[in-house]
1. Mind checking which residues of segment 106-141 are at pLDDT 90 or above, open to solvent by 40 Å² or more (accessible area, probe 1.4 Å) and within 21 Å of Leu90 (Cα to Cα)?
2. Just one of (1) surrounded by fewer than 19 Cβ atoms within 10 Å (Cβ to Cβ); (2) over 30 Å from Ala134 (Cβ atoms); (3) not charged (D, E, K, R) trips up Ser21, so point out which.
3. For segment 75-84, indicate whether the set of residues that are touching a residue at least 12 places away in the same chain (Cβ under 8 Å), surrounded by fewer than 18 Cβ atoms within 10 Å (Cβ to Cβ), in contact with a Ser or Thr (Cβ under 8 Å, 6 or more places away or on another chain) and farther than 17 Å from Leu23 by Cα is non-empty.
4. In this structure, is Leu95 under 19 Å from the mean Cα position of the chain (by Cα), modelled with pLDDT of 95 or more and exposed (fewer than 14 other Cβ atoms within 10 Å of the Cβ)?
Amino acid sequence: MINEIIKRNGITFGVLIGIVSALITASIYAIDLNLFSSWWIGLSSIAIYLILGIMLLAKTKKEVKTIYTFKDAFTTYFIAAVVGILISVLFNVLLFNVIDPSAKDTLHEMTMKITSNMMQKFGTPAAAINEAMAKMRETNPYSTIELLKGAVFSIIFSSVFGLILAAFFKTRSTQE
């Protein structure tokens, strides 16, 4: 049975993370689609999610007032991550497949161009670049299926952060 505080905080922060993610995506969409390929936006987003995760675990540890085990800390973070990722993916599916399907095509072309340019800068042979571009044309990372696949990888990636943060936030026993 999951502690009510852990469940409540996990869901609350998950909704917060999902809303923040949707707002970031909506802002980038409204300002300039080129920002989706900006490395500093990606790093800033990761930093925001880490800060929210730290705030979540610190708040929950304080509210639990008893032993806050590794499992409890990880469960708290995992609930928040899954809820946040699901909200974010739902928003992205709506934005790129219902509201403005042409945006996903534009972003896909931009991604292909950036990838091709990067491969050229690294001296990749033209045949390999052409092969990579052909493979990229076969799928679109903003399609519903690809967004759902991405959600699975995001959950796995978030779980790694959750394991690390849980190790820091668990209650240390007096025998350690």
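The values are calculated or read from the model by the stated rules, or taken from the named source; none is laboratory data. These numbers come from a predicted model, not from an experiment. When we count neighbours, we look across all protein chains shown, and the Cβ atoms used for this are built from the backbone with ideal geometry, even at glycine. We work out accessible area using only protein heavy atoms, side chains counted, and drop any ligands, DNA or RNA first. Shrake-Rupley method; radii C 1.70, N 1.55, O 1.52, S 1.80 Å.
1. Hit for segment 106-141 is Thr106, nothing else.
2. (1)
3. No; the residues of segment 75-84 include none that is touching a residue at least 12 places away in the same chain (Cβ under 8 Å), surrounded by fewer than 18 Cβ atoms within 10 Å (Cβ to Cβ), in contact with a Ser or Thr (Cβ under 8 Å, 6 or more places away or on another chain) and farther than 17 Å from Leu23 by Cα.
4. no
Conditions tested, residue by residue: (1) open to solvent by less than 30 Å² (accessible area, probe 1.4 Å); (2) of a type in the set (Phe, Trp, Tyr); (3) within 24 Å of Asn117 (Cβ to Cβ).
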residue: Glu4; (1), (2), (3): no, no, no
residue: Asn9; (1), (2), (3): yes, no, no
residue: Gly14; (1), (2), (3): yes, no, no
residue: Ile17; (1), (2), (3): yes, no, no
residue: Ile28; (1), (2), (3): yes, no, yes
residue: Leu33; (1), (2), (3): no, no, yes
residue: Phe36; (1), (2), (3): no, yes, yes
residue: Ile46; (1), (2), (3): no, no, yes
